[in-house]
Amino acid sequence: MVKLLTILFFSLVLNIGILLTSNGSKAQTLINNFGDWSAFYDGKGENKICYTASVPKKEKGNYTSRGNTYILVTHRPGEKKRDVFEMRAGYIFRKDSQATLGIDGQLTKLYTDKGSAWAEDKIEPKILKMMIRGRSMMVIGFSTRGTKIEDIYSLIGFTSAYKAISKECGFK
């Protein structure tokens, strides 16, 4: 079972890389795996993107079908953006809803758009600090059908993965 989950995780990560590339024809480069997180980069110069990704350790909800779900923290130096937090839900969020992000009991709201939940720019630094200090993270959202879905993530390895993408993209 663990081997199957590992294969599925790396298949997912490959798909993430293809989605993040500008033309979809090239794959990302794995920097390394760090605990439950993996660090990647893609592109060069102004088009370089660095990100760390993880999949949930546990998914809860009364749903019959669901796509892939994962968390990304991304740096885009060419756009002067760093620490962009995104959760890809694997389902479409209820219109005009918010998701709840909890890290070791500290809660914050994420705005949703179709199948993703995002942090507002002004709270991304706070989320990043909580992720670096934290042990686990959960995201709760509601699908268009009203189904409550809760995903639990491990933060083991996040700090090392974050440092690796920061170094690769030239951020301290």
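The values are calculated or read from the model by the stated rules, or taken from the named source; none is laboratory data. Note that the coordinates shown come from a computational prediction; the quantities given were computed from them, not determined experimentally. Cβ placement follows ideal geometry from the backbone for every residue including glycine, while neighbour counts extend to all protein chains displayed.
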| task | Report yes if Lys109 is under 28 Å from Gly170 (Cβ atoms) and either in contact with a Cys (Cβ under 9 Å, 6 or more places away or on another chain) or of a type in the set (Lys, Arg) (or both), otherwise no. | result | no
| message | Can you list residue pairs whose Cβ atoms sit under 8 Å apart, with the first residue in segment 96-114 being of a type in the set (Phe, Trp, Tyr) and the second being surrounded by fewer than 17 Cβ atoms within 10 Å (Cβ to Cβ)? Count only pairs 6 or more apart in sequence or on different chains. | response | Tyr111/Gln98; Tyr111/Trp118; Tyr111/Glu120
| note | Residues of segment 113-131 being within 14 Å of the chain's Cα centre (by Cα) and either loosely packed, with under 14 Cβ neighbours inside 10 Å or of a type outside the set (A, V, I, L, M) (or both), in sequence order, are Gly115, Ser116, Trp118, Glu124
| message | So if I check each of Arg82, Arg88, which one is buried (at least 16 other Cβ atoms within 10 Å of the Cβ), modelled with pLDDT under 95, under 23 Å from Gln28 (Cα atoms) and of a type outside the set (A, V, I, L, M, F, W, C)? | response | Arg82
| note | Restricting attention to segment 44-65, the residues that are in a loop (DSSP other than H, G, I, E, B) and either among the charged types (D, E, K, R) or free of Cβ contacts under 8 Å to residues at least 12 places away in the same chain (or both) number exactly 5
